[in-house]
Amino acid sequence: MTKAILCAVDISNGDIDVAVLERAATLADLDSARLDVVTVTPDYGEGFVSSFFEPHHHEQVMQEAHDKLVALCEATLGAERNAKVRHVVATGSAYQEILKTAEGAGS
């Protein structure tokens, strides 16, 4: 039995990932698994890049990304189903952060 289904979406793509999100929700429902939806933002708070942004920029980007992720899930799956989704916003390299989230998805 599967504990969780992980669905990675790019919130900057608009509605492109809707079909993927719907399919992931269907798979999670079939196995009574939790649906984890992850999106990854660039890291504005580290290294040389951070000098071009205000100190609070990273937190602002993370909050906006979370709000967009929740909105995408709610628009796609409905409010009741969205309430059961684990929304994950990570920062850094997409493949590394998705793999990290996948490793923790079973917990």
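Some observations on this one:
- Checked against the criteria, residue 21 counts as closer than 20 Å to residue 90 by Cα, assigned to a helix (DSSP H, G or I) and at pLDDT 95 or above.
- Complete set of residues in region 76-107 that are acidic (Asp, Glu) and closer than 23 Å to residue 57 by Cβ: 97
- Residues in region 44-66 that are farther than 22 Å from residue 86 by Cβ and either acidic (Asp, Glu) or modelled with pLDDT of 85 or more (or both) were compared, and the one that is farthest from the chain's Cα centre (by Cα) is 54.
- Subset of region 60-107 (residues that are open to solvent by less than 60 Å² (accessible area, probe 1.4 Å), among the polar types (S, T, N, Q) and within 20 Å of residue 28 (Cα to Cα)): 76, 82, 101
- With respect to (1) touching a strand residue (DSSP E or B) at 6+ places or on another chain (Cβ under 9 Å); (2) at pLDDT 85 or above, the lone exception for residue 71 is condition (1).
The values are calculated or read from the model by the stated rules, or taken from the named source; none is laboratory data. None of the values given here were measured: they were computed from a predicted structure. Please note: Cβ atoms are built from the backbone with ideal geometry, for glycine as well, and neighbour counts cover all protein chains shown. Only protein heavy atoms, including side chains, enter the accessible area calculation; ligands, DNA and RNA are left aside. Shrake-Rupley method; radii C 1.70, N 1.55, O 1.52, S 1.80 Å.
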